[in-house]
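Enquirer: I am attaching a structure below and will ask some questions about it afterwards.
We did not get these values from a lab; they are worked out from the coordinates using the rules stated. Small disclaimer: the values here were computed from a predicted structure and weren't measured. So basically every Cβ, Gly included, is an ideal-geometry build from the backbone, and we count neighbours across all protein chains shown.
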Amino acid sequence: MSRQSTNFLISLSFSLVSSLTIFSNVVKAEQVLLLNLKHTSDNTITKEIQFYGNNIDPNSRAIGDRFSLKIDGKLVQLPTEVYERLNKLRRSFSYDSLSGGIEQFRPIASCRLGGAAKGLILEARYLTYETPAFKITSDEMRPVFSLPENCLFKDFYKPINLKSQQDARGVTEILNTLSLVENLLTDVEN
């Protein structure tokens, strides 16, 4: 074998090992919280549905993307299509240029109902992009949408953009439905 061929094989082997190492790191990447739906009663969280992924940027896709979902800390296995749908919907309310910003307001109407204020609050990993490079400069979990379950609930959040509101409501409905059928989902695993 010539010296050139040997150098080529060594170079190819090194590239392959490097590629496998990078791929391995992507696959093993730690998952971070992307969406969090909280069922609240006054200031107490009564149920929590958390959607995790290994890529915080909803604008990028990779072969190594992994997702998971927990309901009150219990891991629930779902079809890949559900994870992909949640990830796709979160794009429109995860940063200002599509959401138009997140509005927080308190209704003025009074409520004479007794008991606890109940509602759902959707939090999302909210991103800040550096404009010219379209690079994420910071991210944080923050409330982006809420649904009251009674008239006492006063923590209202919504994206300013109408499509973003609809997508946030869609995510809220998907996650809430999953929490309602949690026993069916966990029984399948056992």
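Enquirer: Compute the FRET efficiency between SER60 and VAL181 as 1/(1 + (r/R0)^6), taking r as their Cβ-Cβ distance and R0 = 30 Å, and round to the nearest 0.05.
Expert: Between SER60 and VAL181 the formula returns 0.45.
Enquirer: Counting residues in region 67-127 as N, plug N into 2.2 N^0.38 Å and put the Cα Rg over that result. Numbers along the way, then the final one.
Expert: Details: Rg = 16.4 Å, N = 61, 2.2 N^0.38 = 10.5 Å.
Dividing the Cα radius of gyration by 2.2 N^0.38 Å gives 1.56.
Enquirer: What is the calculated FRET efficiency for VAL32 to ALA116, with r their C-beta to C-beta distance and R₀ = 30 Å, to the nearest 0.05? Spell out each step's value before the answer.
Expert: Values: r = 31 Å, r/R0 = 1.04.
Rounded to the nearest 0.05, the efficiency is 0.45.
Enquirer: Then there is this: What FRET efficiency, computed as 1/(1 + (r/R0)^6) with R0 = 41 Å and r the Cβ-Cβ distance, is obtained for ASN150 and GLU130, rounded to the nearest 0.05? Write out the running numbers ahead of the final one.
Expert: Numbers: r = 42 Å, r/R0 = 1.02.
Plugging the Cβ-Cβ distance into 1/(1 + (r/R0)^6) gives 0.45.
Enquirer: If packing is taken as the mean number of other Cβ atoms within 10 Å per residue, what is the order of 162-174, 134-146, highest first?
Expert: For the peptides 162-174, 134-146, the packing ranking is 162-174, 134-146.
Enquirer: Let a ≥ b ≥ c be the square roots of the eigenvalues of the Cα gyration tensor of region 31-189; is it rounded (a/c under 1.5), or, if not, prolate (a/b larger than b/c) or oblate?
Expert: oblate
Enquirer: So, in nm, how far is label LEU78 from label MET141 when the simple model puts each one 7 Å beyond its Cα toward the Cβ?
Expert: My value for the distance between the label points is 1.6 nm.
Enquirer: Continuing with the same structure: Arranged by the count of other C-beta atoms within 10 angstrom, fewest first, what order do LYS158, LYS88 take?
Expert: The order, fewest Cβ neighbours first, is LYS88, LYS158.
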